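To start, the structure itself, in structure tokens.
The values are calculated or read from the model by the stated rules, or taken from the named source; none is laboratory data. Note that this is a predicted model, so its numbers are computed, not measured. Note: ideal-geometry Cβ built from the backbone for every residue, glycine included; neighbour counts use all protein chains shown. The accessibility values were calculated without ligands, DNA or RNA, using every heavy atom of the protein model including side chains. Shrake-Rupley method; radii C 1.70, N 1.55, O 1.52, S 1.80 Å.
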Amino acid sequence: MSSTILDDKTFTELNYAKTTERNTEFNNCVFKKCDFTDAEFALCKLIDCVFEDCNLSMIKWSRSTLNNVVFKKCKILGVNFSPSEDFLFNVRFESCMLDYSSFMAKKMPKTNFIKSSLKEVTFTEAILTGSAFDECDLNGAVFNRTDLTAVNFTTASNFIIDPELNTIKRASFSAGGLEGLLVKYGIKVV
């Protein structure tokens, strides 16, 4: 099966909604103000790419590689990242809306979430070691059997994490964030 390779391309204001991109490699490409609503990337490789001001809601990453992919000011609602390849998975989110998405069982150490909304996001069984949630809203996010070793939550808000169900060794929390660790015990922090 042949594949298409695209290097150093910029795609602006294109509508890819409900389309399928198959077996394509994107190297050092930039996507600006593109609509990928309900689209599919199947068996694709995205390496050193940037998505800026794009709508990626409900996109499917069917066995695609996301290596050093940055999402800036993107709407990424209801996206399941679990079917993407674990090998070389490396993403960064800046000022994004990731509500209702899933990283279930995803290996994603040292991932940065910056000034993003992560409401109702599933991190069950994910490996997030050394990651950071910088000024992120984690209201309703699910952490269950998640490896949160050395994760930085100091400026994150609205999270609830059960220390008995998750690995939180060396994780960082602000004094105001302690309440999110004690919810199940009915303890109030004042």
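Odds and ends about this structure:
- Some residue of the range 73-80 being under 19 Å from I114 (Cβ atoms), open to solvent by 70 Å² or more (accessible area, probe 1.4 Å) and in contact with an Asp or Glu (Cβ under 7 Å, 6 or more places away or on another chain): yes
For every residue, the table says whether it meets (1) touching a strand residue (DSSP E or B) at 6+ places or on another chain (Cβ under 9 Å); (2) buried (at least 16 other Cβ atoms within 10 Å of the Cβ); (3) hydroxyl-bearing (S, T, Y).
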site: T19; (1), (2), (3): yes, no, yes
site: N28; (1), (2), (3): yes, no, no
site: S57; (1), (2), (3): yes, yes, yes
site: V70; (1), (2), (3): yes, yes, no
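- Restricting A156, A132 to residues that are under 17 Å from F93 (Cβ atoms), in contact with a helix residue (DSSP H, G or I) (Cβ under 8 Å, 6 or more places away or on another chain) and of a type in the set (A, V, I, L, M, F, W, C) narrows the list to A156.
- Candidates S62, S57 - the one that is under 24 Å from A156 (Cβ atoms) and among the hydroxyl-bearing types (S, T, Y): S57
- For the range 166-190, a residue qualifies if it is of a type in the set (A, V, I, L, M, F, W, C) and within 20 Å of K119 (Cα to Cα), and the qualifying residues are F173, L178, L181, L182, V183.
- Residue in the range 103-125 that is of a type in the set (S, T, Y) and over 11 Å from the mean Cα position of the chain (by Cα) present: yes
- Per the conditions (1) in contact with a strand residue (DSSP E or B) (Cβ under 7 Å, 6 or more places away or on another chain); (2) surrounded by 21 or more Cβ atoms within 10 Å (Cβ to Cβ), the sole criterion not satisfied by A141 is (1).
- Residue identified as over 17 Å from S57 (Cβ atoms), open to solvent by less than 20 Å² (accessible area, probe 1.4 Å) and either of a type in the set (V, I, T) or in contact (Cβ under 8 Å) with a residue 60 or more places away in the chain (or both) among T124, T129: T124
- Scanning the range 159-175 for residues that are surrounded by 16 or more Cβ atoms within 10 Å (Cβ to Cβ) and outside any strand (DSSP E or B) returns F159, I160, I161, D162, N166, I168, A171, F173.
- Of the residues making up the range 61-68, one or more are aromatic (F, W, Y), farther than 22 Å from F133 by Cα, in a loop (DSSP other than H, G, I, E, B) and within 16 Å of the chain's Cα centre (by Cα).
- The lone exception for L178 - which of (1) open to solvent by less than 20 Å² (accessible area, probe 1.4 Å); (2) in a helix (DSSP H, G or I) it fails: (1)
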